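Asks: Okay, handing you the structure first.
Rule-based calculations on the coordinates, nothing more; no lab input. Given the structure is predicted, the values throughout are model-derived calculations rather than measurements. Note: ideal-geometry Cβ built from the backbone for every residue, glycine included; neighbour counts use all protein chains shown.
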Amino acid sequence: MTSAAASDPPLLEAREVHKHFPVGQRTLLGRYTEVLRAVDGVSLEVRPGETLGLVGETGCGKSTLARCLTRLYDITAGEVWFEGRDISRLGRREMRPLRREMQMIFQDPYGSLNPRRRVGSVIGDAFAIHNIDDGEGRKRRVKELMERVGLNPEHYNRFPAEFSGGQRQRIGVARALALRPRMIMCDEPVSALDVSIQAQVLNLLVDLQRDFDLTYVFITHDLSVVRHVSDRIAVMYLGKIVETAPTQQIFSTPRHPYTRALLSALPPADPDSADSRERIVLAGDMPSPVDPPSGCRFHTRCPKARPDCVADVPPLEPVLDDRLEHLTACFHPLRPGEDLTASRPQIEETVLDEVPEERP
């Protein structure tokens, strides 16, 4: 984990990024009856040398956003800027040189490697695609990478099935590191690994960031992991960013009710305090991104929901006395020490009042 200055220009920037997928039935005009709004207006910045943690429930759009930022997916609307250049509409040929600068580590160490290809070829593909070295020179580079990520270079000719899960993820790390990128998108790189192996891979990523001056976007649903590796955290819910701040501020003074609910699920460091800690259980499930709620996306589950949360979309901006580095999308943010478990939504009563009386 490194510390990037807030004044540094962003290496990567998303500006109102949308990614919608057509679903449902197809009409005679070739259009679809429904649209899944996986990412729906996300703006964020990633500064050089930092680690931005992206957290949220499964299905909130984290992985889709990662693929949009690296242009593995074409975005529906908005802009993605990398090193001061708009890459949103670049074609495959124009994107090819930029692929050397941004790479990705995938979640599944089993599914992300071709089982029919030897490890040396998998890692060496990056050199082959970009015409870097050949023959013995390329083989030497691959072995150096394997050694750097903690693999035995003598296993160059083995197949992925001959490696454990942790070793396969190290192969994925070596592949991402091959071209010495400036930024690596880590899409839940340790969620499929045993806890003991998770720590080893996380420590490896921290060491590589220090040695190669890397910038990470670290996607996870595990707040204890993101706390260990991140400089800043962005909290995502149903396709939108609801809060972003330096890691310490997220854990000490969360402003958004959803962030507080996520933090309350973390096990306490002191087991004796488990019974007395605040535990927030959200009502219901995350709504469908095909038919998201109006206004604030979280109002259907929020203990502090009010009528204005239903009517309007809260902007992502500083609230209360927060600085510009701490942004929250909430009309009724939490104050320090506020008991969220004592709050009750005031939507149902208002809705009932607006229902006209039945006439005989």
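Asks: Starting from 0.36 nm per residue, how many nanometres of slack lie between residue 136 and residue 95 once their C-alpha separation is accounted for?
Replies: Full extension of this stretch gives 11.9 nm more.
Asks: Measuring from label point to label point, each 7 Å out along Cα→Cβ, what is the residue 18 to residue 288 span in nm?
Replies: Those two pseudo-labels are separated by 2.0 nm.
Asks: Could you size up the charge dipole of segment 46-125 around its Cα centre, putting +1 on the beta carbon of Lys and Arg and -1 on that of Asp and Glu, and report it in debye to the nearest 20? Display every interim value, and only then the final one.
Replies: Values: 14 positive and 10 negative charges, 93 e Å.
Computed charge dipole of segment 46-125: roughly 440 debye.
Asks: Select from 334, 113, 29 the residue whose mean-square fluctuation is largest in a Gaussian network model of the chain (Cα-Cα springs shorter than 10 Å).
Replies: Among 334, 113, 29, the largest mean-square fluctuation in the Gaussian network model of the chain belongs to 29.
Asks: Roughly speaking, what is the stretch gain from residue 313 to residue 338, that is 0.36 nm per residue apart minus the C-alpha to C-alpha distance, in nm to one decimal?
Replies: Working: separation 25, 0.36 × 25 = 9.00 nm, distance 2.32 nm.
Length gained between residue 313 and residue 338: 6.7 nm.
Asks: Further, regarding this structure: Can you list the aspartates and glutamates whose alpha carbon sits under 12 Å from that of residue 62, skipping same-chain ones fewer than 8 residues off?
Replies: 40, 187, 188
Asks: May I pose another question? Using a basic spin-label model with each label point 7 Å from the Cα along Cα→Cβ, how many nm lie between residue 74 and residue 210?
Replies: Roughly 4.4 nm, to one decimal.
Asks: Here's something else I'd like to know. For segment 255-261, just list the computed ³J(HN,Hα) in residue order, Karplus coefficients 6.51, -1.76 and 1.60, θ = phi - 60°, integers in Hz, with x standing in for Gly and Pro.
Replies: Result, rounded to whole Hz: 9, 8, x, 5, 4, 4, 5.
Asks: Nothing charged except the Cβ atoms of Lys and Arg (+1) and of Asp and Glu (-1): what's the magnitude of the dipole of segment 111-177 about its Cα centre? Round to the nearest 20 debye. Intermediate results must be reported in sequence, preceding the final value.
Replies: Details: 13 positive and 8 negative charges, 33 e Å.
Here segment 111-177 has a charge dipole of around 160 debye.
Asks: Given a 10 angstrom Cα cut-off, can you work out which residue in 97, 254, 181 is the most mobile in a GNM of the chain?
Replies: 97
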